[in-house]
1. Relative to the first principal axis of the alpha-carbon coordinates of the chain, what is the inclination of helix 146-163, with its axis defined by its Cα atoms, in degrees from 0 to 90 and to the nearest 10?
2. So what J values fall out for the range 87-96 if you push phi through Karplus, 6.51 cos²θ - 1.76 cosθ + 1.60 with θ = phi - 60°, rounded to Hz, Gly and Pro as x?
3. Using a 1.4 angstrom probe on the protein heavy atoms only, line up Met73, Met128 by accessible area, largest first.
4. So which GluC sites (Glu not before Pro) in the range 61-154 pass both tests, a DSSP loop state and at most 15 other Cβ atoms within 10 Å of the Cβ?
5. Per-residue accessible area for Arg75 at 1.4 Å probe radius, Å² rounded to 10?
6. From the residues Phe140, Ala155, Leu14, which one has its Cα farthest along the dipole of the chain in the positive direction, the dipole being from +1 and -1 charges on Cβ of Lys/Arg and Asp/Glu about the Cα centre?
7. Can you classify the range 1-51 as rounded, prolate or oblate using the Cα gyration tensor, where a ≥ b ≥ c are the square roots of its eigenvalues, rounded means a/c under 1.5, and otherwise it's prolate if a/b beats b/c and oblate if not?
8. Determine the sum of side-chain charges near Leu46: Lys and Arg each +1, Asp and Glu each -1, restricted to other residues whose C-beta is under 14 angstrom from that of Leu46.
Amino acid sequence: MSRLVGQELPPQVLEQFSGRDLRGCFGRVIPAVTVDAAGFPHPALLSFGEVVALDARRIGLATYADSTTTNNMRRNGRLTLLLVEPEGTYYIKGTVRERPGGLPGFPGLAHLEMRVTQVLEDAARSDMEGEARIASGIRFGAGPGGAALLKQWEALVAALRRAG
């Protein structure tokens, strides 16, 4: 059951979204949910190389400029990010605006800024779910290209910070 944490990222989420430990976050996924033009939830998957906390109330995002997810954010200015890990599950809701000019050096990517409006923490209810806990978040494998992808993430996170 979820409970309201507040209107800013709690310290443990702020640290995970800081971009300081991309190697430790490598292979983990951040589910993102927008609302499509027909009013349905539209899921997408982001990496820790595309999301960086600029402070406890602002998150920089780099998404494909021509994606449905980006177009949904442009249209209604809303986004929910999910951090689903054994250490805790959080739903981060906010408003989004596109920053003009994209990100220098990253053609094809949109530069967006999310303002956090609500953070919920989800945990099992012991009276209903006993000792049930999240065992793992969504993961991906990068294969032999992992080192190059990590370097790309580092450059992208640095660009988001500079532009933030």
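The values are calculated or read from the model by the stated rules, or taken from the named source; none is laboratory data. Everything numeric in this text was worked out from a predicted model, so none of it was measured. So basically every Cβ, Gly included, is an ideal-geometry build from the backbone, and we count neighbours across all protein chains shown. Note: accessible area is taken over every heavy atom of the protein model, side chains too, but ligands, DNA and RNA are not part of it. Shrake-Rupley method; radii C 1.70, N 1.55, O 1.52, S 1.80 Å.
1. 80
2. Each residue's phi maps through the Karplus curve to give 6, x, 10, 10, 10, 10, 10, x, 9, 10 Hz.
3. Working: Met73 5, Met128 140 Å².
Descending order: Met128, Met73.
4. Values: sites: Glu87, Glu98, Glu113, Glu121, Glu129, Glu131, Glu154; in loops: Glu87, Glu131.
Loop-located and lightly packed - Glu87, Glu131.
5. We get 120 Å² for Arg75.
6. Farthest towards the positive pole: Ala155.
7. Working: a/c = 2.69, a/b = 1.33, b/c = 2.02.
Oblate shape, in that a/c is at least 1.5 and b/c is the bigger or equal ratio.
8. On the way: positive: Arg28, Arg139; negative: Glu50.
For residues surrounding Leu46, the net value is +1.
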